[in-house]
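Report on the structure given below.
Taken together, the values in this text are just the output of simple stated rules run on the coordinates, not laboratory data. Nothing here was measured: the structure is a model prediction, and the numbers come from that model. Neighbour counts run over all protein chains shown; Cβ positions are idealised from the backbone, glycine included.
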Amino acid sequence: MAPKAKDVVAKSKRKRASEGEKPTKRRRSSSPEDENPGDKILLMEQGILESKKNYNNIPLLLQTMDGYKDGSEESVLAAVALCRVFMRLLAQGSFIYKKSMSEKDSVVLTWLKDQFNLYKTTLLAVLATEEELSSTALTLCMRLLKAEGEFLYDKEEYTFPKNFLQSIIVALLQTDSDEVRGVFMQEYAEGYDDIRYYTFISIKSAIEGLVDFVSEAEVFGHALSMLSALDGVPESAEELEDFYVPAPKKKNHNLRSVTQHKRQGQEAWLALTGIAKSKEQRKSILNIMSTVIAPWFTKPELLADFLTHSYDTGGSMSLLALSGVFYLIQERNLDYPSFYHKLYSLLDRSILHSKHRSRFFRLLDTFLGSTHLPAALVASFIKRLSRLSLNAPPSAVVFVVPWIYNQLRRHPTCTLMIHRENKDPSIKKHIQNNGVEDPFLPDETDPMETGAIDSSLWEIEQLQSHYHPNVATIAKIISDQFTKQSYNMEDFLDHSYATLLEAEMTKNVRKAPVVEFHIPKRIFLPHDEPTANPDSLLVKLWGFQ
Amino acid sequence: MAGSQLKRLKATLKEQGIVGPQQSKKQKRKAAQDDRARSEKRLQRGVVLEGIREQFNPFDLKHAKNPKFEVTTNRPVTAAYKIKGRPGAAKAASEERRRQTLLVDMQRRHKVGGILDRRFGENDPTMAPEEKMLERFAREKLKTHKKTSMFDLEDDDDDAFPGEGLTHGGKALTFDDMEVVDDYEEDDLDDGASDVSEREMQRLKRVRAMAAEGDMDQDDQPERKKSKKEVMEEVIAKSKMHRYERQAAKEVDEDLRAELDKELQGIQHLLTQSSSRKTEEKPQPSAIAGVERSVFDKDFDLQVKKLAQDKRAKPSDRTKTEEEKAEDESNRLKELEEKRQKRMRGESVSDSDEEDEDEEVGSEGSQAGDDSEEDFGLGRGINAKPTAAELGFDDEDDFIIDDDLVASGSDIDSDEELDLGSDMAAEEDESEEEEEEDEFTKGLLNEEETRNPVFSLDSTTKSADVEKGDENGLPYTFPCPQSVEEFQSVTASYPRTSLPTIVQRIRALYHPKLDSKNKERLGKFSAVLVAFISSPWDPETSPPFSVLENLTRHIHSLAKSFPLEIAQGFRTQIEEISNERPLAIQPGDLILLTAVGTIFPTSDHFHQVVTPAMLVIARYLGQQVPQDLADHAIGSYLSILTLQYQKLAKRYVPEVLNFALNTLCALAPTSPSASIGSFPRHDSPVSHRAKGASQVSVRKLGFSDCLHTDSSPPEVKIAILNTVSQISDAAADTWSSKGAFIETFGQVLEVIKHLNAKACRSHLPSELRDRTEKLQVKLERMIKISGLSRRPLELHHHKPLAIKTYVPKFEETFDPDKHYDPDRERAELAKLKKEHKRERKGAMRELRKDANFMARENLRIKKAKDEAYEKKYKRLVAEIQSEEGREANAYEREKAARKRSRNR
């Protein structure tokens, strides 16, 4: 879209240039009947620029432009022409009020400003509603924005047309076209520091103003997509050098300060988190929390409410919020009571099947990395995880076991869970006769009270006979001598059925595989003599006609 | 020693007796006469002089540095402190070498072409003309010896000495007098078989020895001089004679052999009589004596070949009793079972073992008496079973029987257990693998050969008339399909039930014994069969299961000869499943996975085909959230298959229980509470709860239930519930000995309890209710027993690890030259590094010396050039000067003369 619009502009410029050579001749020679609308518009434009008398052509052009609703082509041409007109007028200084002006002139000036505003509103309407023309409209808007910032007021003072940008942003938030948003973010907001700065401000106020908007979810989505595109946090003041509107002269202007930039980003994001109501919205924010959002925050504490609330929600939301909460605890001294309690409750039946599990386990490894944690607590985590691994996919077992190994190395007290000898003869006898009850309380929520430290890891022992050879081998490290200091968890995370299968399939078969030497008489059908050859399970349980 | 160097030298010389007091004339004469003593003395003198020279030039030798104080070192003082090198000699040698190689290269640089000097001895003044001749002779010989044959007397002359016959004492050599036997006899003996070059060398040695002798003679008796040439001729003549003799001896041998040949018939007769076997061909008593030689030779060759091909006479084995046979059989099975156990534990079977095993698998699979697979689980039941012959079957024989049955028009499903099978099996019990293969082919062919001659011909040369077919209209010959499409098009026109017959015939037609290319063809064909059985299943068009079963068994039988091709075929199919439809397994894939389970040993710790197959199954069971009843049915099938896979190894498969519990929960008439079990719960988007199905009859699931349809009839739900509870039952049996049985099956018990709760009971048929109640009781009992037998884990009965010691290890007899690195690899690496460094230094030194040498040479050349130039310049200047001087003189003279004349 954008290049097309530019094309149009360029073409018309060329035309104008060629026309400029013999404008009068042409006007005379051409009769009004065979003039096409494009030429007419160009003539009008020419007239406006030539003399103030022709200013009345502006409303005419505006009218033509209003025809965009019917999809007429002239409207585009009219819009482009008007844009040129206003830019020229702005550059000429026709919009600047001077004391020397006569009353008549000032009336004209007011009228002109009204027309200008009318033109802008129309453009914005196009931007907000018409998907086809929106990128052209966006280009025009941005050109006007530049001209306005440069020439609308006295040159001495830096002024940024905030209101105009605000309206552009609102229009962008409303439009359904992701494309034009993308164009705006890519070409303007990311490229120019001032645009980004004011975009943040505008989004914030737009979100605040839009609270009672019709389709809040939609606006949220649009705002999120726009904000998440802005991930280039400025590091120092030197980086702030790309300005769309000529830069302010003052050295201590807000635009030149990194902290101000960050602040605006922070405000915008805070405003967005404020309107994130549904689970999905929160998840999408949490997903980019650490990578995109956090860098903008000079005061991450401001996120504490959002994060703790999300963390308390439970489920995958908690998993996502966990890293944020952990950051706050670690860096900002956030006091989160019963953090481990909560963490323990996160280990539910679906954790090992969740797609965020590797992310979670990286964090869990950090949380439980300290050797100063109470052994009972660590034992609870170990026991809980080994319980869960009984129903886990191989890719999860693959990292649970090395993790347990590492924990056992860190907390040698916990090795009682894999090796417990009873010296007392009476207890020994009791065990001989009655076996042992598992003292572990799976439903206890307090990790200090589960009694896991008195239990044994029978589950891991069972996994030593896992069907997948590699998993079984990994599970056997628990019963081998602990000679290795620790396992690097990164080697074991990020596996899945697909990767395991791929690993198997990429191996070439060079040696002939062993073939079962006995060819069974029957595979699908029952044997003729069931007493001599018992049927296989398959035949017993499945009906083959 | 005191005094100057000169004085010392004199003293030493005197001491050694090299210079002494002047001898009288008498003494001198005496010494001169005593020739032997003189030469000895001269020798000794040389040695002594050498010693003195060395002694007086200390820089000729390089000595190792002595230790400063003996006590400070424990290095052995031997050898190492002796002479380390001779720098002078070494330098001279290297210089000489360079002059021979580098200098030549230098001089030849930038030069193209040239003449290669192959002359020898031209520049060697030490070479006597005789030696030169000898050398020339040797070279000539070397050049030609390859061309001439050993016994070629005639053209030898032309080749070795063209245009010149061998002479002896001026006369040409003739070999008429054969009785001359000279002293070469002992050489003759061992020369007979040796090759030419060796002989050549020996002869040369002899020649040299003789030449040396000649020298001696020369010294001793100078008057009887024999020219070198004569000696040479003699030598050559002798060698020729020697050769001729050998030829004669060979001819004698030939005669002897011919004589023996004549008597062969008699010997043969004796041989045939002694062996118990009867040879078919009749002896030809009168043929030999009278027949033409060529005919006789041909006959003889034929006979020899036949003899070689005949089975060697062996003492026949005693017929074994039934008990012995059974024992053998049980031993064999035990061995196989041991190997299987080893693989199951994941222990590496050594390569030779593996091969052995493969071979055994190949050979013994076709032997008689395979007990059913279940016996291995029990392990000890083999001896109690009936004997091999009663039970046993040759698997491959099965197909022969099949073929027979089908060919005679009977039903494929009819009873296969004919006595014929066991008879044949018993016969083949003892045979070797190769013979077994032979038998198999023969069996196949004999069956059909009687009816159709095409099998004896090459399979590619088929005529149309043999394709008329048997009584079912099935032709005897088929092309060997190399792709699935081809196979389908080949078999399209025949009924599905005849597929096994077609496969059987293709296997017979393209048996690897018949054509060398058949092996490849059949390998491809087996992969095609694998693809065929896994092709999409359709209740209407797909072959019935009896046929699929038969095809699977054909693949199994082919897998013994083509394990790689078939494994590759299976793996491609599995890869296709995992890439294209990991969560949408089709019924055709189920057949494939079943075939994997029967063809390959599923109990192995790792197996190239089974492990991926198992992963595919587990992935489906673990990740597929069932959308409709078909998904449940497929999952149930896969669960059964998994349990069957793990029948022997009893490995734990979490996905099976997850699936079973989820299915039970999803299909239970009422929804269970949220906190039931700790398995991940799937929430099925559509509810398939079996409600109000108390009147539905329970049936087995079938393949048609695996096809996705919109309807969800209650009997399918009940069938799934029934099957899954049976699966849980079987799973409990399989994993009853696992450590965490209580935790694992506690969840199952909870779910089953939920099914037995009042809310659910009323909806389910009574048969299912009975089953679940029984299962509940069983699980409760098993969990109780498991609880009783549970002990705290004691996994770490390892020897406690020693604390690391930091006390250095002392060597009793430490040798600083030796390296005591305990890490072998590191030590070797260090050694290699050292060697590399040394080599590098050596190479660099050599290069440096080369460069020096070249610079020196260049300088020398330049100097020589400059000198020549200078000389020439001086000569020219002198010439000019002298000329000018003469002219000047002449001028002076002239001038003086004129002056004189003027004055006159």
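Quick one: check the C-alpha center-to-center distance for the stretch B:82-121 versus the stretch A:400-476, whole angstrom.
Here the answer is 80 Å between Cα centres.
Take A:SER426, B:SER94 and order them by how many other Cβ atoms sit within 10 Å, fewest up front.
Details: A:SER426 8, B:SER94 14.
Least crowded to most crowded, the residues run A:SER426, B:SER94.
Restricting the calculation to Cα positions, tell me the Rg (one decimal) and the Dmax (whole number) of the stretch B:471-602 in Å.
14.4, 46
Please report, in whole Å, how far the alpha carbons of the stretch B:839-904 spread along each principal axis, starting with the longest.
95, 9, 5
Quick check: the distance between the Cα centres of the stretch B:547-573 and the stretch A:309-382, to the nearest angstrom?
About 51 Å separates the Cα centre of the stretch B:547-573 from the one of the stretch A:309-382.
Note down, for the stretch A:335-384, the three equivalent ellipsoid semi-axes (square root of 5 times each alpha carbon gyration tensor eigenvalue), biggest first, whole angstrom.
Ellipsoid semi-axes (Å, largest first): 18, 12, 12.
Which log10 I(q)/I(0) values, to two decimals, does the stretch B:571-637 give at q = 0.13, 0.25 Å⁻¹ under the Debye formula with one point per Cα?
At q = 0.13, 0.25 Å⁻¹ the computed log10 ratios are -0.33, -1.15.
In whole angstrom, how far apart do the alpha carbon centroids of the stretch B:865-891 and the stretch B:599-631 sit?
Spelled out, the Cα-based centre of one part sits 108 Å from the other.
Please compute the Kirkwood hydrodynamic radius over the stretch B:624-788, one decimal place, Å, based on all pairs of different Cα atoms. Walk me through the numbers before you get to the answer.
Working: mean 1/r = 0.0632 Å⁻¹.
Every distinct Cα pair counted, the radius reaches 15.8 Å.
Would you kindly derive the ³J(HN,Hα) couplings of the stretch B:7-14 from the backbone phi angles with the Karplus curve 6.51 cos²θ - 1.76 cosθ + 1.60 (θ = phi - 60°), listing them in order in whole Hz, with x for Gly and Pro?
Using θ = phi - 60°, the values come out as 4, 5, 4, 4, 4, 5, 4, 5 Hz.
What number do you get for the stretch B:763-830 when its Cα radius of gyration is normalised by 2.2 N^0.38 Å, N = residues?
Working: Rg = 31.8 Å, N = 68, 2.2 N^0.38 = 10.9 Å.
The stretch B:763-830 yields a ratio of 2.91.
Give the Kirkwood hydrodynamic radius (Å, one decimal) of the stretch B:5-63, defined as one over the mean of 1/r across all pairs of different Cα atoms.
13.2
What is the Cα radius of gyration of the stretch A:333-447 over 2.2 N^0.38 Å, N being its residue count? Present the calculation step by step, with values, prior to reporting the outcome.
Working: Rg = 15.9 Å, N = 115, 2.2 N^0.38 = 13.4 Å.
Normalised by 2.2 N^0.38 Å, the Cα Rg of the stretch A:333-447 equals 1.19.
Rounded to a whole number, what is D in µm²/s for the stretch A:281-331 from Stokes-Einstein with the Kirkwood radius over alpha-carbon pairs (10 °C, 1.306 mPa s)? Walk me through the numbers before you get to the answer.
Values: Rh = 10.6 Å.
Approximately 149 µm²/s, per Stokes-Einstein.
By count of other Cβ within 10 Å, fewest leading, how are B:TYR494, B:TYR806, A:TYR188 ordered? Kindly include the intermediate steps, with their values, before the conclusion.
Working: B:TYR494 17, B:TYR806 5, A:TYR188 21.
Ordered by Cβ neighbours within 10 Å, fewest first: B:TYR806, B:TYR494, A:TYR188.
What is the Å³ per residue value for the convex hull set by the Cα atoms of the stretch B:1-138?
Values: hull volume 40.0 nm³, N = 138.
Roughly 290 Å³ of hull volume per residue.
With a 10 Å Cβ neighbour count serving as the proxy for reagent exposure, in which order, fewest first, do A:PHE399, A:PHE306, B:PHE487 appear?
Arranged by neighbour count, lowest to highest, A:PHE399, A:PHE306, B:PHE487 become A:PHE306, B:PHE487, A:PHE399.
Measuring from the lowest to the highest alpha carbon on each principal axis, how far does the stretch A:389-545 reach, largest first, in angstroms?
Here the spans come out as 58, 45, 31 Å, largest first.
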